[in-house]
Every structure is written in C-alpha cells, then in structure tokens.
Amino acid sequence: MPSSPPSSLPLKSVEDAQHMLEQLFAPWVQALGLQAWAVQPPEIVLRLPVQADTVHGGGVVCGQTLMAAADTAMVLAISAQLGQFQPMTTVQLNSSFLRPVPANTSHLDVTATVLRPGRQIVFGRIDITLPDGKLAMQATTTYAML
C-alpha cells in the first residue's frame, strides 16, 4: 500500500517520478529496478536495468518484463501530463517486439509519450530501446481515467 494517498503524489520532476515508482506500484514492479531518467510532459523516460531474474531460458529478457515496464512508464507519463497521479486503468496495451534483448545488455530506455490526453480516455505510445538506440519494443496504449 502507498504510504500516502495516491491523489497527493505530484509528478513534476525526476525526483517526483522516482518517489511515485517507490510508493505507488506493486512490490514485483518495484523489483524491476526502474529509475526515473527524464520528465518532460507529455513524455517520460525510465531506465530499466537488465537483471538476471528477468532473463528467460533463451538468454533474452522476457516480454513480460518489457510489458510491465511499458505499462508503468505510461502511468507516469499520464501523471506527469496531469501534474499528479490520478487513478486510471489500462484498457489496451498492444506490444510489438522488434528484436531480442540479450542478457548481457546493461539497460533499456523506456520512453512513454502521451499522444492524446482526454478527460476519460488517454492514448499513448511507448518505445523501449537498447543502449545503442535500436528499438526493441514499441507499444500503443489506451487508458481510462477513473
């Protein structure tokens, strides 16, 4: 459970985004080690370290890790657009995996962009890139504001 009510969590800076990562999300999402990197509404950038426990038997990062990072980043991007967290839920997350992420990759950059904010429905895009800038995954999303 968050230590403070979600409605009191502002998001205007990298520090606010990191605080939200530590307070709002489930422990297993926190275990991904996401780090807030940049906050420039309508966009936010998180850094996802590649950890051994997110690599599957094929020697690459599992898709579930990338999807969780994408969904988390979009919640933060919407919150940054609004200036604070407001309850929302994912309606749709359509992911395309463009290349495998080898286990020896240091990190991934997760860039979430609000494409069309609305009072009830928000549309977004998430790009996950390797350190060399190559696109590993791209997702489009729809969120319902609660």
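The values are calculated or read from the model by the stated rules, or taken from the named source; none is laboratory data. Keep in mind that what you see is a predicted model, and the values were worked out from it rather than measured. Counting neighbours? That spans all protein chains shown, and the Cβs are built from the backbone with ideal geometry, glycine included.
Ser96 meets the stated requirement of being under 17 Å from the mean Cα position of the chain (by Cα), more than 20 Å from Ile44 (Cβ to Cβ) and not hydrophobic (A, V, I, L, M, F, W, C).
Selection of the range 30-46 for residues being more than 10 Å from Gln81 (Cα to Cα) and not small (Gly, Ala, Ser) yields Gln30, Leu32, Leu34, Gln35, Trp37, Val45, Leu46. On the stretch given as the range 99-124, residues that are within 11 Å of the chain's Cα centre (by Cα) and charged (D, E, K, R) total 1. One residue stands out among those in the range 10-50 that are surrounded by fewer than 18 Cβ atoms within 10 Å (Cβ to Cβ) and touching a Pro at 6+ places or on another chain (Cβ under 8 Å): the one that is modelled with the lowest pLDDT, which is Gln23.
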